[in-house]
């Protein structure tokens, strides 16, 4: 890849929530990504959840145990054990 224009279209955007950006992340950015037909994940490290917003969603899917994402049926899914992920992030392992 020589430039960003050579990249495939964006399919998912992932944001790590912070107190100073929570409102913008949950409202402004979410609306922009949904309008652009991009899946949007908000990772809340304190609550240990991922809010998954799909383009047509009016409410997020709140994931606490497992996050699975498959952009195409021809590829294996990305699967993330969320409790293990958050334990590692918080230095509990």
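Summed over region 35-63, the residues that are under 12 Å from the mean Cα position of the chain (by Cα) and outside any loop (DSSP other than H, G, I, E, B) give a count of 14.
Could you give me the residue pairs with C-beta distances under 7 Å whose first residue belongs to region 4-25 and is within 14 Å of residue 38 (Cα to Cα), whose second residue is at pLDDT 90 or above and assigned to a helix (DSSP H, G or I) wherever it lies, and which are 6+ apart or on separate chains? Qualifying pairs under 7 Å: 13/33; 15/25; 15/29. Residue 45 passes every criterion in (1) buried (at least 17 other Cβ atoms within 10 Å of the Cβ); (2) closer than 15 Å to residue 86 by Cα apart from (1).
Listed conditions (1) surrounded by 11 or more Cβ atoms within 10 Å (Cβ to Cβ); (2) under 26 Å from residue 92 (Cβ atoms); (3) under 13 Å from the mean Cα position of the chain (by Cα) are all met by residue 21, apart from (3). Filtered by the rule that a residue be at pLDDT 95 or above and in a loop (DSSP other than H, G, I, E, B), region 64-81 gives 64, 65.
The values are calculated or read from the model by the stated rules, or taken from the named source; none is laboratory data. Given the structure is predicted, the values throughout are model-derived calculations rather than measurements. Please note: Cβ atoms are built from the backbone with ideal geometry, for glycine as well, and neighbour counts cover all protein chains shown.
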